[in-house]
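The values are calculated or read from the model by the stated rules, or taken from the named source; none is laboratory data. Just so we're clear, the structure is a prediction, and the values are computed from it rather than from any experiment. Neighbour counts run over all protein chains shown; Cβ positions are idealised from the backbone, glycine included.
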Amino acid sequence: MKKNLHPNYHTIKVEMTDGSQFETKSTWGSEGEVLKLEIDPKSHAAWTGGKQKILDKGRISKFNKKFQNFRSEKNS
């Protein structure tokens with residue numbers, strides 16, 4: 001097997017947005033470095049269930065206006 005083929009796999013610390021840390025193995029950085037997260041499951045709306053904004057710039061309302069009088073024969 002070739003030498004130096006695989007990346008260096010070592011222990012790092014991951015710091016969450018609230019300041020808590022945990023250790024994990026990674027190829028990121030070097031041994032003992034701290035990876036500071038900007039988004040994590042404790043703060044992001046996708047995990048916390050917070051309100052999300054719909055940024056469609058009127059596409060949905062334009063579609064509804066265009067097809068407001070369209071009805072299928074089965075649903076009438």
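I'd like the full set of residues that are polar (S, T, N, Q) and either over 17 Å from the mean Cα position of the chain (by Cα) or surrounded by 11 or more Cβ atoms within 10 Å (Cβ to Cβ) (or both), limited to the stretch 17-52. It would help to see each step written out before you state the result.
In the first step, residues of the stretch 17-52 are kept if they are polar (S, T, N, Q); the result is 17, 20-21, 24, 26-27, 30, 43, 48, 52.
Result: T17, S20, Q21, T24, S26, T27, S30, S43.
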Original post:
How many residues are of a type in the set (A, V, I, L, M, F, W, C) and within 28 Å of L5 (Cβ to Cβ) when one looks only at the stretch 21-39?
Top reply: 3
**OP:** Collect the residues in the stretch 43-76 that are modelled with pLDDT of 80 or more and either closer than 30 Å to V14 by Cα or part of a loop (DSSP other than H, G, I, E, B) (or both), keeping them in residue-number order.
**Re:** F67, Q68, N69, F70
